[in-house]
1. From the backbone phi of segment 182-191, what are the Karplus-calculated ³J(HN,Hα) couplings (6.51 cos²θ - 1.76 cosθ + 1.60, θ = phi - 60°) in whole Hz, Gly and Pro given as x?
2. Does segment 1-69 come out rounded, prolate or oblate by the C-alpha gyration tensor, with a ≥ b ≥ c the root eigenvalues, rounded set by a/c under 1.5 and, if not, prolate when a/b is larger than b/c and oblate if not?
3. Kirkwood hydrodynamic radius for segment 1-135: how many Å is it when counted over pairs of different Cα atoms?
4. Taking LYS216 as the anchor, which lysines have their alpha carbon closer than 29 Å to its alpha carbon, excluding any fewer than eight residues away along the same chain?
5. May I ask you to compute the full-extension gain from PHE203 to ILE53, defined as 0.36 nm times their residue separation minus their alpha-carbon distance, rounded to one decimal in nm?
6. Rounded to a whole number of µm²/s, how large is the Stokes-Einstein D of segment 60-129 at 37 °C and 0.692 mPa s, given Rh as the Kirkwood radius over C-alpha pairs?
7. Which aspartates and glutamates have a Cα less than 17 Å from the Cα of LYS65, not counting those fewer than 8 places away in the same chain?
8. Run down the aspartates and glutamates and flag those whose C-alpha is under 16 Å from the C-alpha of LYS119, throwing out any fewer than 8 positions away in its chain.
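Every number in this text was worked out from the coordinates using simple rules, so none of it is lab data. Please read all numbers here as calculations on a predicted model, not as lab measurements. Using ideal geometry, Cβ is built from the backbone for each residue, glycine included, and neighbour counts are taken over all protein chains shown.
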Amino acid sequence: MNKSKLLIIASFFSIYVIWGSTYLLNKIAVAEIPPLFLAAIRFGFAGILILIIALLLKKSLKVTKRQLLNVTIAGFLFLVYGNGVFVWALKYVDSGFAALLASTQPLFVLFLLRLIDGKKMQRKSIIGVGLGILGMYLLVSQKEIATSEGMVIGIFMILSCVLSWSYGSVFVSKADLPKNFFVSTGYQMTIASILQLCFSQIFNEDISTVTTMSYKVQVSMVVLIIFGSIVAFTAFNYLLKVISPEKVATSAYVNPVIALLLGWYFLDEKLTNQSIIASVVLLTGVYFITSRKRVTKNKIRPSQKT
């Protein structure tokens, strides 16, 4: 097995397993730290560390104006809105439930590729979309949700975050970004951190809580910065350049399984029978979408993306 294949496998492991655990870690941290400020700290430290790593590897940090604009757009779509608002919603939604909602990403990617590139849906995709919509309906139509304070708005905001992340995936696959993945990721996170700090001040978040955070929150923050941000997000950006966006989106049906198990084990989160049925239907739909045959002429090759 050559080096590139090993790197791809390691990258998929990162976005599958490591990102699956971030739902739990964010849920723990947001209980004590305001969401936007939490995201700003996480991505600020991670972004600076990644840029330092890039310099140690003797990679140039020079970017064109177009590349700087594109990393700003990507950072906003992925991290400011896609992650920052998602973490805010975790105050009202269980981590495992949120992961299941996030698993709808391939549906959003498929619709966006249809709208932007005019790609026709194959039979498997149509079946997958139908199952996905049914699973999502079963998930959000439960009586427990309607009676839970903040649950409905939390679900709505999470779905809007999934849309933002999905569009970001399509955007990055074609955008002119710095060729080195450390440089691209570092700029995205650093810029996103600055924007998140601004929004944190605009929304008057109480940042004084960071001085009294517990040991478990400190551990969660360290793991989020090193593994959730530096390792997994760099792997994500790498995969978007060498693999199609739909295949990268397969993490959407692995992450929920990891998140559900961790939420159940560490936070005593409970799943109703309807949630279990909904998750099976939803993830089956995602499988149909991501396992369909690709049309070669429509495939975006790495050389065409840069």
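1. Along segment 182-191, the couplings run 5, 5, 4, 5, x, 5, 4, 6, 5, 5 Hz.
2. Values: a/c = 2.48, a/b = 1.21, b/c = 2.06.
Cα axes put segment 1-69 in the oblate bin.
3. 17.9
4. LYS27, LYS91, LYS270
5. Details: separation 150, 0.36 × 150 = 54.00 nm, distance 3.30 nm.
The span from PHE203 to ILE53 would gain 50.7 nm if fully extended.
6. Here the translational diffusion coefficient equals 221 µm²/s.
7. LYS65 reaches ASP176.
8. Correct list for LYS119: GLU246.
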